[in-house]
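Participant: After the structure tokens below, expect a handful of questions from me.
The values are calculated or read from the model by the stated rules, or taken from the named source; none is laboratory data. Note that the structure is predicted; figures quoted are calculated from it, not measured. So basically every Cβ, Gly included, is an ideal-geometry build from the backbone, and we count neighbours across all protein chains shown. Just so you know, the surface numbers come from the protein's heavy atoms only, side chains and all, with ligands and any DNA or RNA stripped out. Shrake-Rupley method; radii C 1.70, N 1.55, O 1.52, S 1.80 Å.
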Amino acid sequence: MKEEHLYYKIYKPYGYLSQFINNQHKRKNKRLLSELFNLPKAIMAVGRLDEKSEGLLLLTTDGMFSNYMTSQNIEKEYHVMVDGIITTDKISALTKGVKISVNGNAYVTKPCEAKLLPDTSHIIKRFVRDIKHGPTSWLSITLTEGKYRQVRKMTAAIGYPTLRLVRVRIGNYKLEKLKPKDIEAIHY
């Protein structure tokens, strides 16, 4: 008999780790997904979003699905608020690849898609900082790789630190109308 796997998409809110149990002593006061959802023990997050990032996160009991969705065959799209008014030459630099640090070593990111995001009406409003601290820009960045804190490192490398990061798509799965802490069953 074929095992029936579970598949979900959630809007991981800001301030939560992308995990259900805490095995580390230094993170004992962190908020976990298990506080939001009562799911089977076998459930796992497909990839990660760091504590300060939010948006689409897939959950499953299917390890093969998880491996495929985190592979370089699948695009991941992020909508990113950066500090300052970004220029077209800096966006172009992102698309060609920039030098970041991965595990203490220099790494040049793979070419990606990056563009100015003129309409942010689909992004749930959340206070990030007061307007008196200067202007911001929103970008859409689509990657096929996923190094630790990659998007944040990429925008910092071109002089525009990330202030807010929302993942909106993984492959064909989209955040759509989900709000923070929402969960929805999906099919694979």
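Participant: Yes or no: segment 39-60 includes at least one residue that is open to solvent by less than 20 Å² (accessible area, probe 1.4 Å), part of a helix (DSSP H, G or I) and either more than 14 Å from residue 181 (Cα to Cα) or not hydroxyl-bearing (Ser, Thr, Tyr) (or both).
Facilitator: Within segment 39-60 (the criterion being open to solvent by less than 20 Å² (accessible area, probe 1.4 Å), part of a helix (DSSP H, G or I) and either more than 14 Å from residue 181 (Cα to Cα) or not hydroxyl-bearing (Ser, Thr, Tyr) (or both)), the answer is no, since none of the residues qualifies.
Participant: May I pose another question? Evaluate segment 2-10: report whether one residue or more is on the phi > 0 side of the Ramachandran plot, touching a residue at least 40 places away in the same chain (Cβ under 8 Å) and not charged (D, E, K, R).
Facilitator: Checked against the condition, which is being on the phi > 0 side of the Ramachandran plot, touching a residue at least 40 places away in the same chain (Cβ under 8 Å) and not charged (D, E, K, R), segment 2-10 yields no hits at all.
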